[in-house]
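J.: Sharing a structure, written as structure tokens. Questions coming.
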Amino acid sequence: MTPKQIFESLDGKWSLLRSLGEHGIIHGTAIFDKSSNSSMLLYREDFLIKNFNQNTMQSYKEYEYYYDQGKIIKYFKPVNNKNLRFYELKFIENNFAIAVHICNLDRYEAEYRFYNLNNFKLKYYVKGPNKDYIIDTEFRKISPI
């Protein structure tokens with residue numbers, strides 16, 4: 001699979017299951033929505049966080065993904081009309097990409113493994129002065145939009 005094929009296959013609705021290590025589990029859905037600009041996907045995930053004390057909380061996250069000159073780049077949702085870059089996926093193999101995001105003293109090392117065009121995994125290795133855990137998310141395509 002090429003980065004372009006992967007980017008184009010993301011458009012649609014996905015189920016997500018995320019492990020937060022000792023912090024809990026997330027169940028939810030994610031939508032990659034192709035905008036009028038065919039090189040951009042608006043991303044929103046809505047989810048329910050359940051920690052191991054059985055407390056639950058609903059939340060969401062939003063990002064933008066761009067395809068530009070053979071690269072997939074992830075941005076935070078614009079704030080005050082500013083696009084803040086999260087990271088660029090660097091493909092090591094056709095179905096495996098890595099990326100790094102530095103946030104103050106914390107480091108988020110991302111691994112994307114694309115099993116096929118309907119299933120992928122995103123794993124973050126989070127390290128920092130007070131952080132040392134893994135966020136592991138499995139995505140399965142439910143339907144095109």
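The values are calculated or read from the model by the stated rules, or taken from the named source; none is laboratory data. Quick caveat: nothing in here was measured; it's all calculated off a predicted structure. Cβ sites come from the backbone with ideal geometry, for glycine too, and all protein chains shown count toward neighbours.
J.: Does Ile98 satisfy the criteria of being among the β-branched types (Val, Ile, Thr) and either closer than 20 Å to Asp11 by Cα or in contact with a helix residue (DSSP H, G or I) (Cβ under 7 Å, 6 or more places away or on another chain) (or both)?
T.: no
J.: Hey, another quick one. For the stretch 18-37, does any single residue satisfy the condition of being among the basic types (Lys, Arg) and either farther than 20 Å from Ile142 by Cβ or modelled with pLDDT under 95 (or both)?
T.: Within the stretch 18-37 (the criterion being among the basic types (Lys, Arg) and either farther than 20 Å from Ile142 by Cβ or modelled with pLDDT under 95 (or both)), the answer is yes, since at least one residue qualifies.
J.: For Asp68, all conditions in the list (1) at pLDDT below 95; (2) in contact with a strand residue (DSSP E or B) (Cβ under 8 Å, 6 or more places away or on another chain); (3) within 30 Å of Met1 (Cα to Cα) hold save one; what is the number of the exception?
T.: If we test Asp68 against (1) at pLDDT below 95; (2) in contact with a strand residue (DSSP E or B) (Cβ under 8 Å, 6 or more places away or on another chain); (3) within 30 Å of Met1 (Cα to Cα), just (2) comes out false.
J.: For the stretch 1-26, give me the residue count where each residue is part of a loop (DSSP other than H, G, I, E, B) and either free of Cβ contacts under 8 Å to residues at least 60 places away in the same chain or hydroxyl-bearing (Ser, Thr, Tyr) (or both).
T.: Summing the residues that are part of a loop (DSSP other than H, G, I, E, B) and either free of Cβ contacts under 8 Å to residues at least 60 places away in the same chain or hydroxyl-bearing (Ser, Thr, Tyr) (or both) in the stretch 1-26 gives 2.
J.: Please count how many residues of the stretch 27-46 are assigned to a strand (DSSP E or B) and in contact with a Leu (Cβ under 9 Å, 6 or more places away or on another chain).
T.: Here the count works out to 11.
J.: Further, regarding this structure: So Ile72 ticks every box in (1) among the β-branched types (Val, Ile, Thr); (2) out of contact with any helix residue (DSSP H, G or I) (no Cβ under 8 Å at 6 or more places or on another chain); (3) touching a residue at least 60 places away in the same chain (Cβ under 8 Å) but one. Which box is left unticked?
T.: With respect to (1) among the β-branched types (Val, Ile, Thr); (2) out of contact with any helix residue (DSSP H, G or I) (no Cβ under 8 Å at 6 or more places or on another chain); (3) touching a residue at least 60 places away in the same chain (Cβ under 8 Å), Ile72 is out only on (2).
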